[in-house]
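Here the structure is laid out as structure tokens; the discussion comes afterwards.
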Amino acid sequence: MSARFDEENVLRMLQEDDAMQRRAFGMIVEEFGQQLYWQIRRLVLNHDDANDVLQNVYIKAWNGLDTFHGDSRLFTWLSRIAINESLDFVRRQKTMNAIAMAYIHTNRYQEAIPWINRQDTLFIAAEKHPSRDTIFIDEMKAVINYSKALLAHAQGDIAISAQAYSPSGP
């Protein structure tokens, strides 16, 4: 904790009007943000995902300020929120990856696309797939290309030809 951070003063500020609460919360974020980020990052390995989880921690903390009674230190309370949010995130990722891999392993590639949250899901699936042969790798590349095409189409960049991105190719 920095020398200028006075937790008792910050707790008093949180009991005042909206402007003072926002100022106090900004002080909390500045004081504990880096520590919370690295605590989250130990469980959530991706930098962007860790930042997303940290934002969720701030939202939960802000919305739950009235539940903090001062029985513990602010960092202890925030740390508990961060750990719970991180574990929830990891559970959701595991579920999404398991669903995507189930579709991929049953050759239902198009159904897997909504569940593919990151390309590492595909690589995990490829490693665990029993065949791990060239045909499967080509099919995985087709799924990646199809996913990219869907994204580009959603952004209005190109029109999709599903046949051009099918695993068997044109």
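The values are calculated or read from the model by the stated rules, or taken from the named source; none is laboratory data. What you are looking at is a predicted structure, and each value in this text was computed from that prediction instead of being measured. Note that we place each Cβ from the backbone using ideal geometry, even for glycine, and neighbour counts take in every protein chain shown. Accessible surface areas use protein heavy atoms only, side chains included; no ligands, DNA or RNA. Shrake-Rupley method; radii C 1.70, N 1.55, O 1.52, S 1.80 Å.
Counting Lys +1, Arg +1, Asp -1, Glu -1, what net charge surrounds ARG22 among other residues with beta carbon under 13 Å of its beta carbon?
-3
Could you tell me which trypsin sites (Lys or Arg not before Pro) in the stretch 1-72 are loop residues by DSSP with no more than 15 other beta carbons within 10 angstrom of their beta carbon?
ARG4
Mind listing the phi-derived Karplus ³J(HN,Hα) values for the stretch 39-46, rounded to whole Hz, using 6.51, -1.76 and 1.60 with θ = phi - 60°, and x for any glycine or proline?
Result, ordered by residue: 5, 5, 4, 5, 9, 10, 6, 8 Hz.
Compute, for ILE59, the solvent-accessible surface of its heavy atoms (probe 1.4 Å) with the complete set of protein chains present, and express it in square angstrom to the nearest 10.
Accessible area of ILE59: about 100 Å².
Quick one: accessible surface of GLU16, probe radius 1.4 Å, all protein chains present, in square angstrom to the nearest 10.
Its accessible surface works out to 90 Å², give or take rounding.
Roughly how many percent of the accessible protein surface of the stretch 7-102 is carbon and sulfur, given a 1.4 Å probe and a whole-percent answer?
52 percent
Once phi is turned into θ = phi - 60°, what whole-Hz ³J(HN,Hα) does the Karplus curve with 6.51, -1.76 and 1.60 give for every residue of the stretch 64-81, x standing for Gly and Pro?
x, 4, 5, 8, 7, 9, x, 5, 10, 6, 4, 5, 4, 5, 5, 4, 5, 4
Residue by residue through the stretch 22-37, what is 3J(HN,Hα) from phi via Karplus (6.51 cos²θ - 1.76 cosθ + 1.60, θ = phi - 60°)? Round to whole Hz and write x for glycine and proline.
These are the phi-based 3J(HN,Hα) values: 4, 5, 4, 5, x, 5, 5, 4, 5, 6, 10, x, 5, 4, 5, 4 Hz.
Just reorder TRP38, TRP62, TRP77 by solvent-accessible area, largest first, 1.4 Å probe, all chains present.
TRP38, TRP62, TRP77
With a point put 7 Å past each Cα toward its Cβ, work out how far ASP6 is from ASN46 in nm, to one decimal.
4.3 nm
What are the residues whose amide H is under 5 Å from the amide H of LEU14, where those residues sit 5 or more places off or on another chain and H is modelled from the backbone?
Excluding prolines and chain starts, which carry no amide H, there are no hits.
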